[in-house]
Amino acid sequence: MSVCLFTHCNGQKKYDPKTYNDKKFSKQYKKKRGKGSPTQMSFEEYNPISTLIVPEHQVLKAKYPFIDVHNHQWRMGNQNLSELAQQMSALNMQVMVNLSGRGWNRNGDSFLQKVMNNVKTSKHKNRFIVFTNISFNGIDDPDWTKTTVAQLERDVKKYGVNGLKIYKNLGLTAKDSKGNRIRTDDPRLDAIWAKCGELGIPVLIHSGEPFQFWLPRDSRNERWLELKQKPGRYRNPSKYPSWEVVMEEQHNVFRKHKNTTFIDAHLGWLGNDLNRLGKLLDECPNVYTEIGAVLAELGRQPRFARKWLIKYQNRVMFGKDTWRPEEYKVYFRVLETEDEYFDYYRKRHAYWKMYGLNLPDEVLKKLYYKNALKVIPNIDKSLFPKD
């Protein structure tokens, strides 16, 4: 659903005084005023209200039903799924993929059992798809690979999971018993990737982080605010492998395991370099990607991002990551409208403004649901249009 604040939404700067007036702006201005003085304030305090008057469309519900392929529900084992389904329906989200089937503690089956039982006994069971996870603890054990492959097969055949999610600790912070970093392309993991291909399930893999986390924390780093507010996200080059090393290891896995389908999370952290991401997709036809938590990269380059998404329309899916329903409207607005100069929802991710891509309907359909239906097994196709 689109809500236009203007009498004419055709580029004219005429606004409806019933919905936009000086009193409203004054109230909004007073509400958001920072503590900084007229002559001195911090970057965090400086948060100006735009006075630009242009057509504006608040899209509260996606134009087409969609599948969120990147979501985390950490308490799905005892969660009220009827309440969650109601929240999803308000957004036009028909299916949610919960990537955290085994939660934080990936050893033992009890957590996954509770999750899958809650889903299967719910009247909304066709609205949820669950991925499993693996633990790298004990990777030095001679039986680790055999045991982990057996767990993966059991999760699919016994419990009914439909994919494997790999967290970013692999290749970055996960270590073996000797304290050595476990590379994403470690040969001990080859059997895992191969088994996923054999079982016909995709691997949604998150490797690395934004490369700016490796850069000096100074005035030239566009993620400086995030590193200030979340200092643990800084990757000191003297303690961590370089960003290029981490990403190349991931790409080596893609190249080696051509019979396994991978979903490269967060646009592979290449949303700022879509040409490079396109080359990776060209090289690896078994790789897809999704837009979770990287919408800000697309929203600041609307013309090129639109062309790129049209070109690679068969390879990109919708994802959000953090479950905050009120934030989805920014995704819809960037993808569906041609609005200009509007706010992202989290300043530390993007102090810049967003611009709408106004994607063609067929591209939206593929992004919202068609591509996921091709890649992720056992999604109820009756929830989506037949075209």
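The values are calculated or read from the model by the stated rules, or taken from the named source; none is laboratory data. Note that this is a predicted model, so its numbers are computed, not measured. Every residue, glycine among them, receives a Cβ derived from its backbone with ideal geometry; neighbour counts consider all protein chains shown.
In region 197-216, is there at least one residue being surrounded by fewer than 18 Cβ atoms within 10 Å (Cβ to Cβ), closer than 21 Å to residue 243 by Cβ and out of contact with any Pro (no Cβ under 8 Å at 6 or more places or on another chain)?
There is at least one residue in region 197-216 that is surrounded by fewer than 18 Cβ atoms within 10 Å (Cβ to Cβ), closer than 21 Å to residue 243 by Cβ and out of contact with any Pro (no Cβ under 8 Å at 6 or more places or on another chain).
If I filter region 78-85 for residues that are surrounded by fewer than 20 Cβ atoms within 10 Å (Cβ to Cβ), farther than 21 Å from residue 206 by Cα, in contact (Cβ under 8 Å) with a residue 24 or more places away in the chain and in contact with a Gly (Cβ under 8 Å, 6 or more places away or on another chain), do I get at least one hit?
No: region 78-85 contains no residue that is surrounded by fewer than 20 Cβ atoms within 10 Å (Cβ to Cβ), farther than 21 Å from residue 206 by Cα, in contact (Cβ under 8 Å) with a residue 24 or more places away in the chain and in contact with a Gly (Cβ under 8 Å, 6 or more places away or on another chain).
Looking only at residues in region 281-303 that are without any contact (Cβ under 8 Å) to a residue 40 or more places away in the chain, charged (D, E, K, R) and farther than 19 Å from residue 374 by Cα, which one is surrounded by the most Cβ atoms within 10 Å (Cβ to Cβ)?
Per the criteria, the residue is 297.
The rows are residues; the columns are (1) in contact with a Gly (Cβ under 8 Å, 6 or more places away or on another chain); (2) farther than 26 Å from residue 378 by Cα; (3) outside any loop (DSSP other than H, G, I, E, B).
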| site | (1), (2), (3) |
| --- | --- |
| 97 | yes, no, yes |
| 138 | no, yes, no |
| 141 | no, yes, no |
| 145 | no, yes, yes |
| 149 | no, no, yes |
| 155 | yes, no, yes |
| 165 | yes, no, yes |
| 179 | no, yes, no |
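Results for (1) buried (at least 17 other Cβ atoms within 10 Å of the Cβ); (2) aromatic (Phe, Trp, Tyr); (3) under 16 Å from the mean Cα position of the chain (by Cα), shown as yes or no for each residue.
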position	(1), (2), (3)
269	yes, yes, yes
279	no, no, no
321	yes, no, yes
327	no, no, yes
331	yes, yes, yes
334	yes, no, yes
346	no, no, yes
352	no, yes, no
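Exactly one of these conditions fails for residue 173: (1) more than 21 Å from the chain's Cα centre (by Cα); (2) more than 21 Å from residue 255 (Cα to Cα). Give me its number.
Among (1) more than 21 Å from the chain's Cα centre (by Cα); (2) more than 21 Å from residue 255 (Cα to Cα), residue 173 violates only (1).
Here's the yes/no breakdown for (1) in contact with a Leu (Cβ under 9 Å, 6 or more places away or on another chain); (2) modelled with pLDDT of 95 or more; (3) among the hydrophobic types (A, V, I, L, M, F, W, C); (4) farther than 29 Å from residue 53 by Cβ:
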{"position": "335", "(1), (2), (3), (4)": "yes, yes, yes, no"}
{"position": "338", "(1), (2), (3), (4)": "yes, yes, no, no"}
{"position": "342", "(1), (2), (3), (4)": "no, yes, yes, no"}
{"position": "351", "(1), (2), (3), (4)": "yes, no, no, no"}
{"position": "358", "(1), (2), (3), (4)": "yes, yes, no, no"}
{"position": "367", "(1), (2), (3), (4)": "yes, yes, yes, yes"}
{"position": "380", "(1), (2), (3), (4)": "no, yes, no, yes"}
{"position": "383", "(1), (2), (3), (4)": "no, yes, yes, yes"}
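Limited to region 51-77, what total is found for residues that are part of a loop (DSSP other than H, G, I, E, B), hydrophobic (A, V, I, L, M, F, W, C) and crowded, with 20+ Cβ neighbours inside 10 Å?
2
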